[in-house]
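The numbers here are math on the coordinates, done by the rules we state, and not lab data. Note that the coordinates shown come from a computational prediction; the quantities given were computed from them, not determined experimentally. Cβ atoms come from the backbone with ideal geometry, glycine included; neighbour counts cover every protein chain shown.
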């Protein structure tokens, strides 16, 4: 879909990081955008910034793990703009911990926000995009959707799942030449992902207290110190939409790990070294 001017887009996790940059970039392309996030104050601030810059945007507070909330997001989109062309399922969280330490609450929270949100988003918005006649769905996975580092098992599972959903979606859209899908697999990007525990609902706290998550993790702190500007990620996503590109991989080191992983699999069935280690 080369021309985005006049199109309608929806972005989840849009109050910060990649999501906010995507919403801003969509508006610069002449799109009208619905921003969705669970953080009401930050969401309204992001919308206000876009509107102040001349963009056309509205915000809808949304718990993306809830099917009803995603349905409401779609209804609000249609109410405001009448149709939808682009959906970016971007919201995500990470629960830190070794596999034998992760709790049911950790899994439920991570799968709800990261994976169920994409399932709900595709099931709810794809029929609307088909009605519009053209469009694109982008799902944010991660470099951890292409290889699995220690210490973020629940996150890794959801990100591998997002790759599978998006690949399946792309194959199923083969008979719809004007509707396409992309999977975004970013490496370290400037965002608040390591602070995502701030949004874990109290009912899913462990032992009745909030967790620190990756805030105090040396590996994650080092990575974010040299992380990519999310505006650069947004530019890559725009290019993928305009050229119908499926894979959007932001970092060369991710591509190299995929090469080594594939080589090891084909040559001797071994497992190559992961990119990161969050187990400490």
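For this structure, a couple of remarks:
- Tilt relative to the chain, helix 153-172 - C-alpha long axis, 0 to 90 degrees, to 10: 40
- Principal axis box of segment 83-125, alpha-carbon based, largest edge first, Å: 45, 14, 11
- Length-normalised contact order for the chain - Cα pairs under 8 Å, 6+ apart - percent: 19
- Here the relative contact order of segment 90-244, from alpha carbon pairs under 8 Å that lie six or more residues apart, stands at 28 percent.
- Within the chain, helix-based [θ] at 222 nm, where runs of 4 or more DSSP H residues each add -39,500 (n - 2.57), nearest 500: -14000 deg cm²/dmol
- Taking 166, 152 and counting other C-beta atoms within 10 Å, the order from fewest to most: 166, 152
- Counting DSSP beta bridges with both ends in segment 8-267, the antiparallel % (nearest 5): 5
- Rounded to two decimals, the Cα radius of gyration of the chain over 2.2 N^0.38 Å is 0.97.
- Packing order of peptides 118-124, 55-61, highest average first: 118-124, 55-61 (average count of other Cβ atoms within 10 Å over each peptide's residues).
- Per residue convex hull volume, Cα atoms of segment 241-280, in Å³: 103
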